[in-house]
1. Might you check whether a residue that is buried (at least 16 other Cβ atoms within 10 Å of the Cβ), out of contact with any strand residue (DSSP E or B) (no Cβ under 6 Å at 6 or more places or on another chain), at pLDDT below 95 and not basic (Lys, Arg) occurs anywhere in the stretch 54-70?
2. Can you say whether residue 77 is more than 10 Å from the chain's Cα centre (by Cα), assigned to a loop (DSSP other than H, G, I, E, B) and within 13 Å of residue 12 (Cβ to Cβ), as far as the supplied structure shows?
3. All but one of (1) assigned to a loop (DSSP other than H, G, I, E, B); (2) within 13 Å of the chain's Cα centre (by Cα); (3) without any contact (Cβ under 8 Å) to a residue 40 or more places away in the chain hold for residue 28, so report the exception by its number.
Amino acid sequence: MPVSPAPVSKAAVQFGERVRARRHELGLSQEALADASGLHWTFVGQVERGRRNLTLHNILKIARGLGVDPGELVQGLRPPRDET
């Protein structure tokens, strides 16, 4: 999956901000979250910057690594064409 040079969408940025905030609450590094999620640490960084359009499976992995329900990370997000 290609990496976007800029944020994919407002929703991706918001998702990434939620991931980063929860990771900081837990006192985890990107590397530690990546290990807990079964992902690469550079991928986690790209997610936090809104530069990845995640699959459902990766959302579930990140939520598991953060110890949250996946719904908390996506609640209220809108698809790109609905953004204004």
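1. Yes - at least one qualifying residue is present in the stretch 54-70.
2. yes
3. Evaluating residue 28 over (1) assigned to a loop (DSSP other than H, G, I, E, B); (2) within 13 Å of the chain's Cα centre (by Cα); (3) without any contact (Cβ under 8 Å) to a residue 40 or more places away in the chain leaves (2) as the failure.
Residue-by-condition table, conditions (1) of a type in the set (Asp, Glu); (2) modelled with pLDDT under 95; (3) on the phi < 0 side of the Ramachandran plot; (4) surrounded by fewer than 17 Cβ atoms within 10 Å (Cβ to Cβ):
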position: 4; (1), (2), (3), (4): no, yes, yes, yes
position: 16; (1), (2), (3), (4): no, no, yes, no
position: 30; (1), (2), (3), (4): no, no, yes, no
position: 42; (1), (2), (3), (4): no, no, yes, yes
position: 47; (1), (2), (3), (4): no, no, yes, no
position: 73; (1), (2), (3), (4): no, no, yes, no
position: 78; (1), (2), (3), (4): no, yes, yes, yes
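The values are calculated or read from the model by the stated rules, or taken from the named source; none is laboratory data. Everything numeric in this text was worked out from a predicted model, so none of it was measured. Don't worry about glycine lacking a Cβ; one is built from the backbone with ideal geometry, like all the others, and counts go over all protein chains shown.
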